[in-house]
1. Exactly one condition in (1) within 22 Å of the chain's Cα centre (by Cα); (2) at pLDDT 95 or above; (3) among the charged types (D, E, K, R) is false for K289; which is it?
2. With respect to the numbered conditions (1) in contact (Cβ under 8 Å) with a residue 60 or more places away in the chain; (2) open to solvent by less than 80 Å² (accessible area, probe 1.4 Å); (3) out of contact with any Asp or Glu (no Cβ under 9 Å at 6 or more places or on another chain), which one is the sole condition not fulfilled by Q170?
3. Please work out if V187 is more than 17 Å from the chain's Cα centre (by Cα), modelled with pLDDT of 95 or more, among the β-branched types (V, I, T) and more than 26 Å from I297 (Cβ to Cβ).
4. Among the residues of region 37-55, write down those that are more than 14 Å from G12 (Cα to Cα) and open to solvent by 70 Å² or more (accessible area, probe 1.4 Å).
5. Of the conditions (1) among the aliphatic types (A, V, I, L, M); (2) surrounded by fewer than 23 Cβ atoms within 10 Å (Cβ to Cβ); (3) under 24 Å from L60 (Cβ atoms), V130 satisfies every one except a single condition; which number is it?
6. Mind listing whichever residues of region 253-310 are surrounded by 19 or more Cβ atoms within 10 Å (Cβ to Cβ) and assigned to a loop (DSSP other than H, G, I, E, B)?
7. Testing I119 on (1) over 30 Å from I93 (Cβ atoms); (2) β-branched (V, I, T); (3) open to solvent by 30 Å² or more (accessible area, probe 1.4 Å), one condition comes back false. Which one is that?
8. Any idea which residue in region 66-87 is most open to solvent (accessible area, probe 1.4 Å), counting only those that are in contact with a Leu (Cβ under 6 Å, 6 or more places away or on another chain) and at pLDDT 95 or above?
Amino acid sequence: MRVAIIGQQEFGKAVMEAFLARGDEVVGVFTAPEREGARPDPLRFAAQEKGIRLFQFPNLTGDAAREAMQSLNADIGIMAYVVQFAPQELVNIPKHGTIQYHPSLLPKYRGPSSINWPIVCGEVETGLTVFRPDDGLDEGPIVLQKATPILPDDTLGSVYYDRLFPLGVQAMLEAADLVVSGKHIEVAQDESEASYEGWLRVPESRISWSNHVNYVYNLIRGCNPAPGAWTTLNGRRIHLFEVKKHLFRTFGSVKGKIGAISEVDETSFRVTAQGGQIEVFTLRMEDGKKMTADEFIRQEGLSVGMQLGG
């Protein structure tokens, strides 16, 4: 089939390469222009390297984008990690229209941080959806879905890179085959089950130690590796990554004040939250590199009773 790719970054690159590997023809790639000083987009670089027609429009709503898509005579459009709005007059141009990947089980967790929020909210399952894009955000009819568990110690990184990324690449191939062969079924999203969340960025990733330890733990793993859940020590921001949760089982097992360092050993330190402690193994100081807890303990002279947050 003749495929037009709209996307960017590693996921867009992997989807493009998967179609090429099985013998499909990628007739064109649309990717957002890189910001000045940003790292080269892997999809843009790979498309240029393979001699594929590349389009980098500041937006996809103008005549230039529409005319470019018309010139490709594509059988299907594939939207793989898209940050630009793609209007109906563009996505309807390919012979069989366009399909889009979204890393959640729509209609739940619509929005740009749809991998983070299910982890932060303590969900035990997430997944991916391939759907028909419309002018709403993640609101079009569903073509295909695949579910995957969120394990108790999963992080954003493990859920995405170990499961949603590879499953998503294969799902795009599978869905494209169903659509082009006319064997797919489109199911309208159930609006009574819908939810939308915005970006999970620095303000949302700040740790409140007065929250229950379960929520603090979920926030940290839902922000690992990005944006990195954070707290402060002596006014400096610290992002926490590899951690372990410990629950208080009895009144007598409670240690330390909320937000205080309650235990320090050679390889880790523990911080008290409601109902338990967070044991920290790796972290990063603001504008610094990741380091192990033992390096941080020595560098900062950590001791029991020092207060985090505030």
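1. Status for K289: all satisfied but (2).
2. Unmet for Q170, out of (1) in contact (Cβ under 8 Å) with a residue 60 or more places away in the chain; (2) open to solvent by less than 80 Å² (accessible area, probe 1.4 Å); (3) out of contact with any Asp or Glu (no Cβ under 9 Å at 6 or more places or on another chain): (2).
3. yes
4. Listed by number, the residues that qualify are G37, R39, E49, K50, R53.
5. That leaves (2) as the condition not met.
6. G259, S268
7. Going through (1) over 30 Å from I93 (Cβ atoms); (2) β-branched (V, I, T); (3) open to solvent by 30 Å² or more (accessible area, probe 1.4 Å) one by one, I119 breaks only (3).
8. First, the residues of region 66-87 that are in contact with a Leu (Cβ under 6 Å, 6 or more places away or on another chain): 66, 69, 84, 86.
Narrowing the set further to residues that are at pLDDT 95 or above leaves 66, 69, 86.
On the way: R66: 70, M69: 3, A86: 8 Å².
Out of the qualifying residues, it is R66.
The values are calculated or read from the model by the stated rules, or taken from the named source; none is laboratory data. Just so it is clear, the structure is predicted and the values come from calculations on it, not from any experiment. Neighbour counts run over all protein chains shown; Cβ positions are idealised from the backbone, glycine included. Quick note on the areas: whole protein, heavy atoms, side chains included, nothing else; ligands and nucleic acids left out. Shrake-Rupley method; radii C 1.70, N 1.55, O 1.52, S 1.80 Å.
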